[in-house]
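Presented below is the structure to which this report refers.
The values are calculated or read from the model by the stated rules, or taken from the named source; none is laboratory data. Fair warning: this is a prediction, and the values are worked out from it, not measured in the lab. When we count neighbours, we look across all protein chains shown, and the Cβ atoms used for this are built from the backbone with ideal geometry, even at glycine.
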Amino acid sequence: MDRGRDMAGGVLRGLLKPRAAPVAPAGGVAVPPPPPPSLERAVAGALARAAERTHGLALYAERIRLQGLSLAEIAETLPEGGLLAVVEGPGEALGVVALCPLAVAALIEMQAMGRLAAQAPAARRPTRTDAAIAAGFVNQALAEIAAATAALPFGAGLEGYRYASHLDDPRPLPLMLEEVGFRAIDARLRLGPGGRREARVFIALPGPDAVGRKLAEPAAAPAPVNPPKRPRRTLAAAVAAAPVPLTAVLCRRSVTLRELRQLAPGATLTLPRAALGEVTLETATGQTVARGRLGENDGAYAVRLHGREDAGGAGPQPAEPPIADLGLPDAFRQETMTAAASAWPRPEDSADDTLPAAAP
């Protein structure tokens, strides 16, 4: 019994005994390195520091989701009605940072009043002024995330991204970004004291492989010292590049005033059968530049243009075509002109200006 008690006491004394400090190398004190933070925790802390340093805004991460997305998937993940900021990094790599309307409103309130309003404002479409106010937070957030994840594989190639421009519409985004893999950060946040407001920040940056390829591309050849002068753009070239709106006219018909007043949505207009094959393309002034036939292509109405001989773009035809053989010799025409000339008196034969009578 005493032996068992002594063994139990030895175990307790071993647990309560302070751990020995690590052996210090010569000339210093050994301090064990802290465990590396998780990636989600590092991103959450970076966003909180960015909001505090730029706008004095308290920010708490509710959920951080890290994933890889394709270019097509980015457009489906953006916050609805949010502010879209295009960011540029090393090698002209482009990414996007999207802030939800509540996040943009919080940044504006902290910039203008130094505090959040009691109630969140109604959502509205962000403007370029809003983008200019949020640009500081975007730059600071990117810098903080790059610094916090520098020692992790996710943070490879994240440094150097800065705010570049603002997009009013997300539709041009797939045309601006390259078709590469993107690292996406989808952060659900709480803003203000006690986290009374919800917000969302979405960040998509090219993957490290895409950034490495951009940096490995050979640099463009330097421009010559005395580059050749470009030819000046002429007025004709400028006018030729001007847009000309065209209107497709299916048919024109005259109606009475009574018929015009009876027109309503859903009314049926009877058109001649030949109207489908006599569609005209006209300018704003009514000039016909082409003719064609109405048809369908890929589920949409389309006009198949006729050949140039049927285009009708040369304007109205004259009432009588010109004589095409005026420059060729014609015996009959020569005799007619000689007889007409002989009917006129010569100056030496007549002293007055009386015209000869016309032959019956």
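Any residue at all in region 74-93 that is under 24 Å from the mean Cα position of the chain (by Cα), assigned to a strand (DSSP E or B) and more than 27 Å from D168 (Cβ to Cβ)? Spell out how you get there, then give the answer.
So the first thing to find is which residues in region 74-93 are under 24 Å from the mean Cα position of the chain (by Cα), and the list is 74-93.
Checking which are assigned to a strand (DSSP E or B) leaves us with 83-88.
If we keep only those that are more than 27 Å from D168 (Cβ to Cβ) as well, we get none.
No, region 74-93 has no match at all.
Has region 163-182 got at least one residue that is at pLDDT 90 or above, in a loop (DSSP other than H, G, I, E, B) and polar (S, T, N, Q)?
no
Tell me which residues, restricted to region 291-307, are over 15 Å from A274 (Cβ atoms) and over 32 Å from the mean Cα position of the chain (by Cα).
G307
Being under 26 Å from E40 (Cβ atoms) and among the β-branched types (V, I, T) is the filter here; which residues of region 110-157 pass it?
If the condition is that a residue be under 26 Å from E40 (Cβ atoms) and among the β-branched types (V, I, T), then V138, I145, T149 are the ones that fit.
Condition first: among the hydroxyl-bearing types (S, T, Y), surrounded by 10 or more Cβ atoms within 10 Å (Cβ to Cβ) and assigned to a loop (DSSP other than H, G, I, E, B). Now tell me which residues in region 252-286 satisfy that. Outline the logic, then answer.
Keep residues of region 252-286 that are among the hydroxyl-bearing types (S, T, Y), which gives 254, 256, 268, 270, 280, 283, 285.
Going one step further and asking which of them are surrounded by 10 or more Cβ atoms within 10 Å (Cβ to Cβ), we end up with 280, 283.
The answer is T283, and nothing else.
Can you pull out the residues in region 126-146 that are among the small types (G, A, S), closer than 15 Å to A98 by Cβ and in contact (Cβ under 8 Å) with a residue 60 or more places away in the chain? I'd like the intermediate steps shown before the answer.
Initial filter on region 126-146 (among the small types (G, A, S)): 131-132, 134-136, 141, 143, 146.
Applying the additional criterion that residues be closer than 15 Å to A98 by Cβ yields 131, 134-135, 141.
Correct list: A141 only.
Of (1) surrounded by fewer than 18 Cβ atoms within 10 Å (Cβ to Cβ); (2) more than 21 Å from M176 (Cα to Cα); (3) touching a helix residue (DSSP H, G or I) at 6+ places or on another chain (Cβ under 8 Å), R63 satisfies all except one. Which?
All conditions pass for R63, except number (3).
What are the pairs with Cβ atoms under 7 angstrom where one residue, in region 265-289, is among the small types (G, A, S) and the other, located anywhere, is surrounded by 10 or more Cβ atoms within 10 Å (Cβ to Cβ) and in a loop (DSSP other than H, G, I, E, B)? Sequence gap at least six, or different chains.
Qualifying pairs under 7 Å: A275/L250; A275/C251.
Yes or no: region 212-230 includes at least one residue that is within 15 Å of L84 (Cβ to Cβ) and either in a strand (DSSP E or B) or modelled with pLDDT under 80 (or both).
Going residue by residue through region 212-230, those that are within 15 Å of L84 (Cβ to Cβ) are none.
For region 212-230, residues within 15 Å of L84 (Cβ to Cβ) and either in a strand (DSSP E or B) or modelled with pLDDT under 80 (or both): absent.
Residues A93, A120, A75: which one is surrounded by 22 or more Cβ atoms within 10 Å (Cβ to Cβ) and touching a residue at least 60 places away in the same chain (Cβ under 8 Å)? Break it down stepwise before answering.
Working: A120 fails: surrounded by 22 or more Cβ atoms within 10 Å (Cβ to Cβ); A75 fails: surrounded by 22 or more Cβ atoms within 10 Å (Cβ to Cβ).
That would be A93, the only listed residue that is surrounded by 22 or more Cβ atoms within 10 Å (Cβ to Cβ) and touching a residue at least 60 places away in the same chain (Cβ under 8 Å).
What is the residue count in region 123-137 for residues that are surrounded by 13 or more Cβ atoms within 10 Å (Cβ to Cβ) and part of a loop (DSSP other than H, G, I, E, B)?
Restricting attention to region 123-137, the residues satisfying the condition of being surrounded by 13 or more Cβ atoms within 10 Å (Cβ to Cβ) are 123, 126-127, 130-131, 133-137.
So of that shortlist, the ones also part of a loop (DSSP other than H, G, I, E, B) come out as 123, 126-127.
The number of residues fulfilling the criteria is 3.
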